[in-house]
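J.: Please see the structure below; I have some questions.
The values are calculated or read from the model by the stated rules, or taken from the named source; none is laboratory data. Since we're looking at a predicted model, the values are computed, not measured. Glycine also receives a Cβ, built like all others from the backbone with ideal geometry; neighbour counts cover every protein chain displayed.
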């Protein structure tokens, strides 16, 4: 299955063996795609292929979305995979309960056997097991029984170098704790616990600046490589470097299910599907307050359902992404057709966030029936972009969201994020609708900051009630903001009349 991320203009392909074995790096080649200035920001081609676009499990191609009337058509595209009724218990392959003996080999042997047999469940029974990197394969459901705990080593040597994306830029880096590349019909399920064991004594210490293990020099180096179009084969990190791995990453996979598991203490982003299609994340409970501990980050993915999950995170609860800067434009695959429903957001920088790695564009996002409440939750709906990222973020529809308290605003659109106006690529946010959103306490409703040449348009709020508003709105937009039947109740003051109009 080909993809712009692994082909250059002459069509050179990157095989599965190439990306999993560092010795084959010479097979990798990349090229910068076209760039678009402030005068002409382009939307990604609608026929760009995402992994498995022709699968009978869903529908191929993009879909024209106009509003909530398109929701049913988007939802019908997302179907979780099924698995044969065969179990492969990791104890039968040498795993020893107790959390002291390395179970990495046993778990991966069980996965190999399960996949070779045509699929089924690889069962982690009740008890504690310790492991390094786990590599999922097609037709395998890694299933944790309710009393099962998989603890992951914090020794970087347990995570071999693989082809990955790190903060929106392709590179070779430490394997995610659970990783799959170009696999079909894969799952992580069950009511057990995945414990990354990250802390300030190991992975999280890499975030600190000015220390011998700081990620900052490597982060800057990778960004520079992406902007200059350095071939991915030369973007080699891993041993001797300090870019933290993500927890779960299906890369260019098709038909993915992550259901019911509890996730704790991740090195970095928790659930990070990349260039994948037909992804269901359901009933997951995430508590992880480390730096950059986003809950779920679908990136350049199509047809994603995130439902009935609990997010209590050190960063954004859900952050939808599509690649960073020139490397995101080179890959050129948007995130589209994302449904978030029935979720509970506690601590986090934002409940549902688009960006900041959004250079490949994001569109068609539906959010409904969620509860967001924490003094440590900063925003309900957040857009992060700037003139270095660029990208069109459009068709975002939110309804029936109950908010207790947030720390900054109901909706934030920040085009001054990081580099701000200092770039050549037009950031766009348009066609954002929020209906039946209620809040008990929020400093303000809107925090919208921008710069000349950027586009923010068609922001619509309707049938909303916002109580406990403390501050005046911050609004900078090139287009319209409309409020219809919106009640604003300042803190310690009587409610205002319903508002109808256009700003």
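J.: Out of (1) farther than 19 Å from residue 274 by Cα; (2) within 18 Å of the chain's Cα centre (by Cα), the odd one out for residue 241 is which?
T.: All conditions are met except number (2).
To keep it simple, each residue is scored yes or no on (1) under 16 Å from residue 86 (Cα atoms); (2) touching a helix residue (DSSP H, G or I) at 6+ places or on another chain (Cβ under 8 Å); (3) buried (at least 23 other Cβ atoms within 10 Å of the Cβ).
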| position | (1), (2), (3) |
| --- | --- |
| 101 | no, no, no |
| 106 | no, yes, no |
| 109 | yes, yes, no |
| 169 | no, yes, yes |
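J.: Further question: I'd like the residue in the range 231-276 that is out of contact with any helix residue (DSSP H, G or I) (no Cβ under 8 Å at 6 or more places or on another chain) and over 18 Å from residue 178 (Cα atoms) and, out of all such residues, is surrounded by the most Cβ atoms within 10 Å (Cβ to Cβ).
T.: Filtering first and then ranking leaves 232.
J.: Given the criterion farther than 17 Å from residue 136 by Cβ, crowded, with 24+ Cβ neighbours inside 10 Å and within 11 Å of the chain's Cα centre (by Cα), identify the matching residue among 316, 303.
T.: 316
J.: Same structure, new question: Please pick out the residue among 190, 229, 240 that is free of Cβ contacts under 8 Å to residues at least 60 places away in the same chain and on the phi > 0 side of the Ramachandran plot.
T.: 240
J.: Turning to a different aspect of this structure: Where in the range 265-354 are there strands (runs of 3 or more DSSP E), lying fully within it, with 3 or more residues that are farther than 26 Å from residue 425 by Cβ and in contact (Cβ under 8 Å) with a residue 24 or more places away in the chain?
T.: The strands (runs of 3 or more DSSP E) meeting that bar are 277-282, 285-288, 302-307, 310-313, 335-341.
J.: Further, regarding this structure: Is it the case that the range 216-236 has a residue that's under 21 Å from the mean Cα position of the chain (by Cα) and assigned to a loop (DSSP other than H, G, I, E, B)?
T.: No, because not a single residue in the range 216-236 is under 21 Å from the mean Cα position of the chain (by Cα) and assigned to a loop (DSSP other than H, G, I, E, B).
J.: Given (1) farther than 23 Å from residue 324 by Cβ; (2) surrounded by fewer than 16 Cβ atoms within 10 Å (Cβ to Cβ); (3) in contact with a strand residue (DSSP E or B) (Cβ under 9 Å, 6 or more places away or on another chain), identify the lone condition not met by residue 418.
T.: Against the list (1) farther than 23 Å from residue 324 by Cβ; (2) surrounded by fewer than 16 Cβ atoms within 10 Å (Cβ to Cβ); (3) in contact with a strand residue (DSSP E or B) (Cβ under 9 Å, 6 or more places away or on another chain), residue 418 comes up short only on (1).
J.: Report the residue count in the range 261-276 for those that are touching a strand residue (DSSP E or B) at 6+ places or on another chain (Cβ under 6 Å) and farther than 20 Å from residue 205 by Cβ.
T.: 8
J.: Could you tell me whether the range 426-446 includes any residue that is at pLDDT 95 or above, more than 22 Å from the chain's Cα centre (by Cα) and in a loop (DSSP other than H, G, I, E, B)?
T.: The answer is yes, given that some residue of the range 426-446 is at pLDDT 95 or above, more than 22 Å from the chain's Cα centre (by Cα) and in a loop (DSSP other than H, G, I, E, B).
J.: Has the range 381-403 got at least one residue that is surrounded by fewer than 21 Cβ atoms within 10 Å (Cβ to Cβ) and under 25 Å from residue 291 (Cβ atoms)?
T.: Within the range 381-403, none of the residues are surrounded by fewer than 21 Cβ atoms within 10 Å (Cβ to Cβ) and under 25 Å from residue 291 (Cβ atoms).
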